[in-house]
Amino acid sequence: QVQLVESGGGLVQPGGSLRLSCAASGFIFSINAMGWYRQAPGKQRRLVARITSDGNTNYLDSVQGRFSISRDNAKNTAYLQMNSLTAEDTAVYYCQTMWGGRDYWGKGTLVTVSS
């Protein structure tokens, strides 16, 4: 079955960087778009970045120029490089894909930006 496992979250100081990873299995990774979402306390989950099977990307306006989504089809893994982090980036980050007509989500990884 489809599985998405996020890793790489943690506590980072403002201005710091983190790289999140999403290890995928149970579907043909190379032909699927992958997304990173985040949910801050008391707020709705929202799309942060998305990458298509051919590498086209789009970003939430507030992370444009700071975050970069990428994929390694040989490793069935998607990444989210996050730079110049601020307190507003604090959230649980989720990996997402769609397969067989339904959405699949990982369990999330917590990113806390604080001094």
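Nonpolar atom fraction for the chain, defined as the carbon and sulfur part of the 1.4 Å probe accessible area, stands at 46 percent. For the chain, averaging the sequence separation of C-alpha pairs within contact (under 8 Å, six or more residues apart) and dividing by the residue count gives a relative contact order of 37 percent. Mean projected area of the convex hull spanned by the Cα atoms of the chain, taken over all viewing directions: 6.7 nm². Rolling a 1.4 Å probe over the heavy atoms of the protein chains gives the chain an accessible area of 54 Å² per residue.
Given their separation in residues at 0.36 nm each and the Cα-Cα distance between them, residue 107 and residue 47 gain 20.1 nm when the chain is fully extended. Under the simplified labelling scheme, the residue 84-residue 23 pair shows an inter-label distance of 3.3 nm, with each label point 7 Å from Cα along Cα→Cβ.
The values are calculated or read from the model by the stated rules, or taken from the named source; none is laboratory data. On a predicted model such as this, the values are computed, not experimentally measured, just so you know. Heads up, the Cβs are rebuilt from the backbone with ideal geometry, glycines too, and the neighbour counts pull from every protein chain shown. Protein only, heavy atoms only, side chains kept; ligands, DNA and RNA dropped before computing areas. Shrake-Rupley method; radii C 1.70, N 1.55, O 1.52, S 1.80 Å.
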